[in-house]
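Notes for the one structure printed next.
The values are calculated or read from the model by the stated rules, or taken from the named source; none is laboratory data. All figures in this text were calculated on a predicted structure; none of them were measured in a lab. For neighbour counting, all protein chains shown are included, and Cβ atoms are generated from backbone atoms with ideal geometry for every residue, glycine included.
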Amino acid sequence: MPAVRGDGMRGLAVFISDIRNCKSKENEVKRINKELANIRSKFKGDKTLDGYQKKKYVCKLLFIFLLGHDIDFGHMEAVNLLSSNKYTEKQIGYLFISVLVNTNSDLIKLIVQNIKNDLNSRNPVHVNLALQCIANIGSKEMAEAFGHDIPKLLVSGETMDVVKQSAALCLLRLFRTNPDIIPGGEWTSRIIHLLNDQHLGVVTAASSLIEALVKLNPDEYKGCVSLAVSRLSRIITASYTDLQDYTYYFVPAPWLSVKLLRLLQHYPPPEDPGVRGRLNECLDAILNKAQEPPKSKKVQHSNAKNAVLFEAISIIIHSDSEAALLVRACNQLGQFLSHRETNLRYLALETMCLLATSEFSHEAVKKHQETVINSLKTERDVSVRQRAVDLLYAMCDRTNAEQIVHEMLNYLESADYSIREEMVLKVAILAEKYAGDYTWYVDVILNLIRIAGDYVSEEVWYRVIQIVVNREDVQGYAAKTVFEALQAPACHENMVKVGGYILGEFGNLIAGDKRSAPQVQFQLLHSKYHLCSASTRALLLTTYIKFINLFPEIKTEIQNILKCDSNLRCSDAELQQRASEYLHLSLVTSTDVLVSTFSELFVLSLN
């Protein structure tokens with residue numbers, strides 16, 4: 001293998017080639033140990049090493065560390081490189097301490113002093129290296145040591161643009177470590193006015209810093225709104241030649257545009273009519289550009305263009321006050337629902353979920369209902385299908401509830417297991433919220449149990465019982481429907497629970513039909529008894545004793561069931577106690593007392 005060049009450091013290049021040429025892990029470790037011994041002897045030797053040699057050996061130590069080996073020496077030599085006036089030597093020194101030096105190291109005071117010297121240097125390259133090191137380490141000690149110097153460097157008129165960029169990002173890192181380091185008062189205005197800087201690199205870095213400051217103290221930095229809108233307007237309306245250095249695949253300053261749009265989302269719509277109008281013009285222009293034919297077929301162009309577009313739509317949704325913009329945003333997203341790019345379809349569905357909650361754009365979102373339903377049926381990516389479910393849920397109202405619930409139930413039969421529980425809950429909520437006819441609601445919940453019984457929580461199936469109990473107009477229908485559902489060969493346990501509750505209370509409403517006579521109801525429920533868990537069997541025993549009230553003609557048959565050894569001598573204490581007490585009640589208590597007792601028991605169980 002040819003030797004790797006190491007910026008003129010031949011020894012480093014040879015060492016890297018040797019490591020790459022090792023045929024086994026043992027050979028690699030052996031070569032590394034040999035090199036470590038050599039470096040250690042050089043550092044401890046009597047001969048003074050020059051800057052180049054120190055740089056070379058420190059680079060080797062850094063490379064060895066990156067291979068996963070511990071380095072316990074060479075730190076002092078790296079710190080000594082910080083004092084060098086040569087860029088490459090100082091750079092390697094800063095790189096080493098950024099990667100290997102712990103903030104609790106004994107050398108930290110010496111490092112801080114060297115950084116201070118470089119921050120005060122007239123050489124902007126040295127200042128930049130120091131700032132980058134502070135940002136990389138970002139410790140509390142660094143924040144305390146340099147918290148007063150860096151803001152001055154950031155707003156100084158003498159500071160070069162490239163240094164201002166580093167200072168802004170460095171201050172952002174220290175602010176995240178210690179939020180108290182940013183001074184208030186006049187500094188607030190000076191930091192905000194960095195958005196007016198002529199250098200877009202400075203503005204980009206300052207935008208990140210200001211957004212972090214706004215999150216902590218929005219009132220103090222609210223003056224940034226008008227400046228951010230002004231800068232955004234200049235970017236959106238700029239020609240290609242104006243921002244040639246910051247145009248990415250024909251999209252002017254996309255990263256800065258996104259940062260400014262995100263910054264504005266921390267505030268309500270501007271109160272000043274002029275600022276508000278200018279912002280709306282910017283958003284309108286972004287939507288117009290989205291309709292234009294692409295200026296490049298490369299994916300970088302579409303990614304940059306869509307990044308700005310989606311952030312613009314986010315602020316339109318955040319403002320929720322411009323009906324025309326909301327509808328236009330919805331129509332634009334609707335075009336992405338059938339896009340060949342999966343990520344775009346996902347983002348469009350996710351963003352339209354937010355649009356569906358706005359009174360201005362809800363109807364516009366509903367126009368895409370068929371497209372969303374189609375994506376639910378044909379989409380290959382499960383995450384996109386999940387977002388389609390979310391959007392159908394968000395766009396649902398009384399006019400389309402039955403169709404949406406029907407489609408969601410159909411999809412539920414083949415839905416991924418990871419999203420079934422969430423889907424079941426959504427369907428149950430929609431069915432109850434928009435139920436004009438509660439027989440439809442009963443059908444929906446029973447279908448849910450039939451299709452995805454394992455994912456129907458107790459709250460869902462218990463709720464249908466509460467509604468049936470409180471609505472006389474649906475009690476007979478519920479009893480008939482659940483009776484028919486229980487006749488299926490494979491019946492989920494939750495269906496048995498619902499059947500036990502409803503038939504125990506309202507089975508008499510369907511007892512006139514020979515197909516659902518009292519004995520048929522009882523035998524149907526009891527055929528499921530031994531297939532169910534102990535808690536469900538306990539519920540069925542309560543249903544049986546209620547049947548004695550409703551259907552005295554099957555009292556003897558029920559008593560025989562309660563007497564059997566599998567119940568009276570059951571290993572489950574709850575089942576044994578219920579069977580024993582229910583049997584005793586049925587033998588010694590009058591029918592009127594039973595009616596009163598179990599009516600109260602049922603009401604208490606629903607509260």
- In the stretch 526-551, anything outside any helix (DSSP H, G or I) and not aromatic (F, W, Y) is listed as H530, L531, C532, S533
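Results for (1) more than 18 Å from A135 (Cα to Cα); (2) in contact with a Cys (Cβ under 6 Å, 6 or more places away or on another chain); (3) surrounded by 15 or more Cβ atoms within 10 Å (Cβ to Cβ), shown as yes or no for each residue.
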position	(1), (2), (3)
Q165	no, no, yes
R176	no, no, no
I182	no, no, yes
T188	yes, no, yes
D197	yes, no, yes
A206	no, no, yes
C224	yes, no, yes
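I need the helices (runs of 4 or more DSSP H) fully contained in the stretch 552-607, keeping only those with at least 2 residues that are at pLDDT 60 or above and within 26 Å of I465 (Cα to Cα).
Values: elements: 555-563, 565-568, 573-588, 591-606.
It comes to 555-563, 573-588, 591-606.
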- Task: Determine whether D149 is at pLDDT below 90 and either of a type in the set (S, T, Y) or under 33 Å from the mean Cα position of the chain (by Cα) (or both).
- Result: no
- Give the residue, chosen from V464, V456, V460, that is at pLDDT below 95 and farther than 22 Å from R398 by Cα. V456
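Filter the stretch 208-222 down to the residues that are within 16 Å of A167 (Cα to Cα) and aliphatic (A, V, I, L, M), then identify the one that is surrounded by the most Cβ atoms within 10 Å (Cβ to Cβ).
I210
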- Just wondering, is there one or more residues in the stretch 533-549 that are farther than 16 Å from L575 by Cα, surrounded by fewer than 22 Cβ atoms within 10 Å (Cβ to Cβ) and either among the aliphatic types (A, V, I, L, M) or in contact (Cβ under 8 Å) with a residue 24 or more places away in the chain (or both)? yes
- Residue selected from the stretch 409-428 under the condition without any contact (Cβ under 8 Å) to a residue 24 or more places away in the chain and assigned to a helix (DSSP H, G or I), by the criterion farthest from the chain's Cα centre (by Cα): N410
- Message: For the stretch 447-469, which positions are closer than 24 Å to F522 by Cα and polar (S, T, N, Q)?
- Response: N447, Q466
- Residues of the stretch 504-524 satisfying the condition of being touching a residue at least 24 places away in the same chain (Cβ under 8 Å), in a helix (DSSP H, G or I) and closer than 15 Å to T481 by Cβ: E505, F506, G507, L509, S516, Q521, L524
- Message: Which condition from (1) in a helix (DSSP H, G or I); (2) touching a helix residue (DSSP H, G or I) at 6+ places or on another chain (Cβ under 7 Å) is the one that D180 breaks?
- Response: (2)
- Query: Within the group R20, R31, R5, which residue is over 17 Å from G93 (Cα atoms), out of contact with any helix residue (DSSP H, G or I) (no Cβ under 6 Å at 6 or more places or on another chain) and either modelled with pLDDT of 95 or more or not aliphatic (A, V, I, L, M) (or both)?
  - Reply: R20
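Condition check ((1) free of Cβ contacts under 8 Å to residues at least 24 places away in the same chain; (2) outside the structural domain of K44 (by TED's automatic domain parsing); (3) of a type in the set (S, T, N, Q); (4) more than 30 Å from R31 (Cα to Cα)) across all residues:
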{"position": "K54", "(1), (2), (3), (4)": "no, no, no, no"}
{"position": "L61", "(1), (2), (3), (4)": "no, no, no, no"}
{"position": "H69", "(1), (2), (3), (4)": "no, no, no, no"}
{"position": "D72", "(1), (2), (3), (4)": "yes, no, no, no"}
{"position": "E89", "(1), (2), (3), (4)": "no, no, no, no"}
{"position": "L107", "(1), (2), (3), (4)": "no, yes, no, no"}
{"position": "I111", "(1), (2), (3), (4)": "no, yes, no, yes"}
{"position": "P124", "(1), (2), (3), (4)": "no, yes, no, yes"}
- Query: Quick one: would you say E271 is within 24 Å of the chain's Cα centre (by Cα), of a type in the set (D, E) and either assigned to a helix (DSSP H, G or I) or more than 21 Å from E350 (Cβ to Cβ) (or both)?
  - Reply: no
- Query: What are the residue pairs meeting all of these: first residue in the stretch 300-326, first residue among the small types (G, A, S), second residue surrounded by fewer than 20 Cβ atoms within 10 Å (Cβ to Cβ) and modelled with pLDDT under 95, Cβ atoms under 6 Å, and 6 or more apart or on different chains?
  - Reply: A304/Y248; A304/Y249; S319/P269; S321/P269; A323/F360
- Taking the residues in the stretch 50-83 that are within 43 Å of the chain's Cα centre (by Cα) and closer than 26 Å to L119 by Cα as candidates, determine which candidate is surrounded by the fewest Cβ atoms within 10 Å (Cβ to Cβ). L62
- In the stretch 192-219, anything more than 17 Å from E271 (Cβ to Cβ) and part of a loop (DSSP other than H, G, I, E, B) is listed as D197, Q198, H199, N217
- Message: Condition (residue is assigned to a loop (DSSP other than H, G, I, E, B) and surrounded by 17 or more Cβ atoms within 10 Å (Cβ to Cβ)) applied to the stretch 274-292: is it met by at least one residue?
- Response: no
- Message: Being over 30 Å from G436 (Cβ atoms) and not assigned by TED's automatic domain parsing to the domain that holds A290 narrows it down to one residue among S383, S414, S314, S361; which is it?
- Response: S383
- Residues of the stretch 102-133 satisfying the condition of being within 40 Å of the chain's Cα centre (by Cα) and more than 24 Å from V163 (Cα to Cα): N102, T103, N104, S105
- Note on the structure: Of the residues in the stretch 444-496, those that are farther than 16 Å from K426 by Cβ and of a type in the set (S, T, N, Q) come to Q466, N470, Q475, T481, Q487, N494
